[in-house]
Amino acid sequence: MTKNSGQSPPLQQKCLAPYRALDLTDDKGFMCGAILGGLGMDVIRVEKPGGESSRNIAPFYHDIPSPEKSLYFFAYNINKRGITLNIETEAGQAIFKRLAEKADLVIESFPPGYLDDLGLGYKGLEKINPRIILTSITPFGQVGPHADYEASDIVSMAMGGISYITGDADRPPVRMSFPQANLFGGIHAAVGSLIAHYYREVSGEGQHVDISIQESIIPLISGRLDRWHMQHYIERRAGASVFRGQVRQREIWPCKDGYVNFRLMGSKFTAGIRPLAEWMDEKGMAGVLNKIDNWESVDMAKATQEQIESWENAFANFFKEHTVKELYEEAVKRRFYLGPCYSADQVAKDRQLAARNFWVQVEHPELSTSITYPGSPFRLSLTPWNIHRRAPLIGEHNLEVYQQELGFTQDELVRLKEANVI
Amino acid sequence: MKEALKGIKVVEVAIADVGPFIGQYMGSFGAEVIKVESRLRPDLNRLSSPYKDGVVGLNRSGVFVYANNNKYSLALNLKHSRAKGVMQKLAKWADVIIGGYPPDTMSRLGLVYEEFKRIKPDTIVINTSGKGDSGPWANHPAWGFNLRGYGFDQLVGWPDRMPSGTAVAYTDRVSPWFGVIAVMSALDYHRRTGKGQYIDLSQVEASLHFLSPVLLDYFVNNRVQTRKGNQSCRAAPHNAYRCRGDDRWCAISIDTNGKWRRFCRVIGNPKWATDAKFETIPKRLHNSEELDKLVESWTINYTAERIMEIMQTKRIPAGIVQTTEDILDKDLHLEERNYFEVLDTQEIGTYKHRRPPPLLSKTPSSLSSAPSLGQDTEYVCTKLIGMTDDDFIELLQSGVFE
């Protein structure tokens, strides 16, 4: 593991360092600023006095429910400073406008129209700063018949089409037990913001980036969409198997101490299957697979369900005799297509991630400890991403921003606090 | 029409999903993208069903068309002795090069950053791989459907059964967006400093950011989260409820007492709803199994569409568990947002594209259909990368454009 936050690359080596974002998001949009912040952007969370309510998402540090101990908040608000500001007051709006004058990006996830009503939507912000980019993240986007629809993760995943094909055939469609919908919205918000940013730097013009969480989920099922569009065929959920055309093929297989991911494939993919069959043969367990003379001629699309199942039986029996570690390590050595089906503790112990120094330590002085976080999602050779600060406490940077930067005096800040403006 | 990424030149030497999606995003927003592919070793997606009319063909795959709009196709046999010269011209032209093979393959083909940098010192190169370009398992050929087991599959399904899994090659549809972010950041840095760089994108490492709190829960609380069906720790009713019709469901999520009261009213205040065991959130959570059955005794009488409509007028989160047919043909909201664009595509005819999600007010994406394999070889060579007609003909005769 590498100690990361104490070895922050110098400012000039962070590619988005010259830019600032004001982050007004709740959990629908946290991810955007966290990733941009890791690239050096100065991301400032702007929360209502007392803190944003998404600070109460479990799990908590040592299960202590507190707005400054939410692990969800920690994870997705790294790399951000934090101030409190009540934008529903006139004084608060005035302060926000001062901040927006010098900001490059505003990220928000309020219901469509909320910021407009406060004079802080794109039209309002553009007047103050024509270069500004406003990125809005909502379940269904800014416009359209469902724009005002209420959502939560299970609803978004349902409307995005992924739930229908997920789960077991004899039970309801199921969502991933750790919520994903907002993360798709957040990551596409970062994509859209940077594309708009590139255009802005070239043209001088800002614009409004509209992110619909539903639209951000739909790419997950693109192959299935094509199957409807081109073949008028709707695939049903099939548990740990998947329908390829009319036949069902297993994808998750029990092994001696857990599960592995493996899919039997033929024709051009046999390079990744044959080495496994050879290993099985060495152990005397190839069974019916030995009847296959020419793997390249095996066409899964033409195989019958019985045929596939007889082949799959051979693999199933073999996997049951071996551990995840044995199967995965042999897959790497012999270059066949198989992956581990890990739980969180197994991910944490994965050899490849450890060798890559993927895990980083982030200081949490308020907890008198440091915590292990996932490290860089991508590695840029000159301007690396990193975690340079933990998630902010409520109003942690009020003094830095209001006093040092905007020039408010101590007295003025006290009065603003009393008036519930900050 | 203004294009956000006009003038950016991209060469894509990548197959399947991750690299091609990065190229597709950039092309959709106006970058010029040359896809380098070979008839001898076609992009895997060209060999993926569904095919037009079920007839196999390199230019008939819907999966390929979706991931490769807005690109030129240059047919190039990378193993041919003359390929290096063509590749060098491409590298000289490109601002960004997208690679998508395991590190040892890229190396064997001479497609490494050091080589590209020699040709153009400020080039930006991104290599996408399953597990990164270093480490003991870097050269293990890895596909999204094998990599989704890195934490995701075990979180999907029912607590009393083995995992159901993510149903799709999940990491293939999480990591490309991180790739676009990395490339756009590098382009910004280049614009300001004139410096290029190399980007290493590991599907697993990027995707694990979609599980950060789960990982933190393990590191900090020693807890291994697992699948729990559709349960929530703070909302009940919270599930997919069966509706009228064949395999029709509506997801409903009620996380406050206010929503609960509105819900009870809208379903006609049935007697069971007033039972003390459903009075508070903790009680509804505790009795959620029974509650779900009772809710479903109501939902089963209505269509999913009707339930979503009724709930939403009372500001209760509810949504149809949409099928592909629902999304493509019935979702009026997506239609109005111009999420779809029907394009004429060679050999397939009309194809209903979906635009990249980010909707930019001044520089929206604009889609053009995916290319047939090698359809732009001559154009790319003679009009884009600076080959003379004679040089092109000579190379053509050498057989390198296969």
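Contact map, segment A:147-175: residues that are facing chain B (nearest Cβ under 7 Å) paired with residues that are among the aromatic types (Phe, Trp, Tyr) and open to solvent by 20 Å² or more (accessible area, probe 1.4 Å), Cβ distance under 8 Å, separation 6+ or inter-chain. Pairs shown: A:167/B:158; A:168/B:158; A:171/B:158; A:174/B:158. Restricting attention to segment A:397-420, the residues being buried (at least 20 other Cβ atoms within 10 Å of the Cβ) and closer than 30 Å to residue B:192 by Cβ number 2. Among the residues of segment B:6-35, the one identified as open to solvent by 10 Å² or more (accessible area, probe 1.4 Å), in a strand (DSSP E or B) and of a type in the set (Lys, Arg) is B:9. The set of residues in segment B:197-222 that are open to solvent by 10 Å² or more (accessible area, probe 1.4 Å) and closer than 11 Å to residue B:128 by Cβ contains only B:203. The set of residues in segment B:36-53 that are open to solvent by 60 Å² or more (accessible area, probe 1.4 Å), assigned to a helix (DSSP H, G or I) and touching a residue at least 40 places away in the same chain (Cβ under 8 Å) contains only B:52. Residues of segment B:334-376 that are part of a strand (DSSP E or B), in contact (Cβ under 8 Å) with a residue 12 or more places away in the chain and on the phi < 0 side of the Ramachandran plot: B:340, B:341, B:343, B:344, B:345, B:351, B:352, B:353, B:354, B:359, B:360. Going through (1) modelled with pLDDT of 90 or more; (2) within 7 Å of another protein chain (Cβ to nearest Cβ) one by one, residue B:133 falls short only on (2). When segment B:240-279 is filtered for residues that are part of a loop (DSSP other than H, G, I, E, B) and either touching an Asp or Glu at 6+ places or on another chain (Cβ under 7 Å) or open to solvent by less than 50 Å² (accessible area, probe 1.4 Å) (or both), the ones remaining, listed by number, are B:243, B:247, B:248, B:254, B:267, B:270. Per the listing B:389, B:331, the residue uniquely in contact with a helix residue (DSSP H, G or I) (Cβ under 9 Å, 6 or more places away or on another chain), exposed (fewer than 15 other Cβ atoms within 10 Å of the Cβ) and of a type outside the set (Val, Ile, Thr) is B:389.
On the basis of being more than 7 Å from chain A (Cβ to nearest Cβ) and under 23 Å from residue A:158 (Cα atoms), does residue B:236 make the cut? Against the criterion (more than 7 Å from chain A (Cβ to nearest Cβ) and under 23 Å from residue A:158 (Cα atoms)), residue B:236 qualifies.
In summary, residue A:326 fulfils each of the numbered conditions (1) open to solvent by less than 20 Å² (accessible area, probe 1.4 Å); (2) at pLDDT 95 or above; (3) closer than 30 Å to residue A:283 by Cα with the single exception of condition (1).
In segment A:259-274, which residue that is within 12 Å of residue A:316 (Cα to Cα) and facing chain B (nearest Cβ under 8 Å) is most open to solvent (accessible area, probe 1.4 Å)?
Only one residue tops the list, namely A:259.
Total residues in segment B:166-192 satisfying the condition of being without any contact (Cβ under 8 Å) to a residue 40 or more places away in the chain and over 21 Å from residue A:222 (Cβ atoms): the figure is 6. Looking at A:303, A:277, A:331, just one residue is over 35 Å from the mean Cα position of the chain (by Cα), open to solvent by less than 30 Å² (accessible area, probe 1.4 Å) and either polar (S, T, N, Q) or within 14 Å of chain B (Cβ to nearest Cβ) (or both), and that residue is A:303.
Any idea how many residues of segment A:79-93 are in contact with a strand residue (DSSP E or B) (Cβ under 7 Å, 6 or more places away or on another chain) and open to solvent by 10 Å² or more (accessible area, probe 1.4 Å)? Residues meeting the conditions: 1. Taking segment A:109-123 as the range and being in contact (Cβ under 8 Å) with a residue 24 or more places away in the chain, surrounded by fewer than 19 Cβ atoms within 10 Å (Cβ to Cβ) and touching a helix residue (DSSP H, G or I) at 6+ places or on another chain (Cβ under 9 Å) as the test, the residues that pass are A:118, A:119.
Checking A:189, A:169 one by one, the residue that is within 26 Å of residue B:172 (Cβ to Cβ) and not in a helix (DSSP H, G or I) is A:169 and no other. Considering segment A:243-271, the residues that are part of a strand (DSSP E or B) and among the polar types (S, T, N, Q) include one that is nearest to residue B:48 (Cα to Cα), namely A:249. Residues in segment A:38-76 that are among the hydroxyl-bearing types (Ser, Thr, Tyr), within 13 Å of another protein chain (Cβ to nearest Cβ) and either in contact with a Ser or Thr (Cβ under 6 Å, 6 or more places away or on another chain) or outside any helix (DSSP H, G or I) (or both): A:70 only.
With respect to residue A:117, is the statement that it is over 30 Å from residue B:160 (Cα atoms) and either of a type in the set (Lys, Arg) or under 25 Å from the mean Cα position of the chain (by Cα) (or both) true? Reasoning before the result, please.
Working: over 30 Å from residue B:160 (Cα atoms): yes; either of a type in the set (Lys, Arg) or under 25 Å from the mean Cα position of the chain (by Cα) (or both): no.
Against the criterion (over 30 Å from residue B:160 (Cα atoms) and either of a type in the set (Lys, Arg) or under 25 Å from the mean Cα position of the chain (by Cα) (or both)), residue A:117 does not qualify.
Of all residues in segment B:314-333, those satisfying the criterion of being without any contact (Cβ under 8 Å) to a residue 12 or more places away in the chain and outside any loop (DSSP other than H, G, I, E, B) are B:324, B:325, B:326, B:327, B:329, B:330, B:332, B:333. For segment B:152-165: of the residues being in contact (Cβ under 8 Å) with a residue 12 or more places away in the chain and open to solvent by 10 Å² or more (accessible area, probe 1.4 Å), which is farthest from the other protein chains (Cβ to nearest Cβ)? So the residue we want is B:159. Taking segment A:201-242 as the range and being more than 7 Å from every other protein chain (Cβ to nearest Cβ) and in contact with a strand residue (DSSP E or B) (Cβ under 6 Å, 6 or more places away or on another chain) as the test, the residues that pass are A:206, A:235, A:238, A:241.
So that you can scan it fast, the table gives a plain yes or no per residue for (1) surrounded by fewer than 18 Cβ atoms within 10 Å (Cβ to Cβ); (2) under 30 Å from residue A:324 (Cβ atoms); (3) over 30 Å from the mean Cα position of the chain (by Cα); (4) without any contact (Cβ under 8 Å) to a residue 60 or more places away in the chain:
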{"residue": "A:211", "(1), (2), (3), (4)": "no, no, no, no"}
{"residue": "A:214", "(1), (2), (3), (4)": "no, no, no, no"}
{"residue": "A:218", "(1), (2), (3), (4)": "no, no, no, yes"}
{"residue": "A:231", "(1), (2), (3), (4)": "yes, no, yes, yes"}
{"residue": "A:235", "(1), (2), (3), (4)": "no, yes, no, no"}
{"residue": "A:242", "(1), (2), (3), (4)": "no, yes, no, yes"}
{"residue": "A:246", "(1), (2), (3), (4)": "yes, no, yes, yes"}
{"residue": "A:251", "(1), (2), (3), (4)": "no, yes, no, yes"}
{"residue": "A:256", "(1), (2), (3), (4)": "yes, yes, yes, no"}
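Conditions tested, residue by residue: (1) β-branched (Val, Ile, Thr); (2) open to solvent by less than 30 Å² (accessible area, probe 1.4 Å); (3) under 21 Å from residue A:18 (Cβ atoms); (4) modelled with pLDDT under 95.
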| residue | (1), (2), (3), (4) |
| --- | --- |
| A:95 | yes, yes, no, no |
| A:136 | no, yes, no, no |
| A:156 | no, yes, no, no |
| A:167 | no, yes, no, no |
| A:171 | no, no, no, no |
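The values are calculated or read from the model by the stated rules, or taken from the named source; none is laboratory data. Because the structure is predicted, anything quoted here is derived from the model rather than measured. Ideal geometry is used to build each Cβ from the backbone, glycine not excepted, and the neighbour counts take in all protein chains shown. Just so you know, the surface numbers come from the protein's heavy atoms only, side chains and all, with ligands and any DNA or RNA stripped out. Shrake-Rupley method; radii C 1.70, N 1.55, O 1.52, S 1.80 Å.
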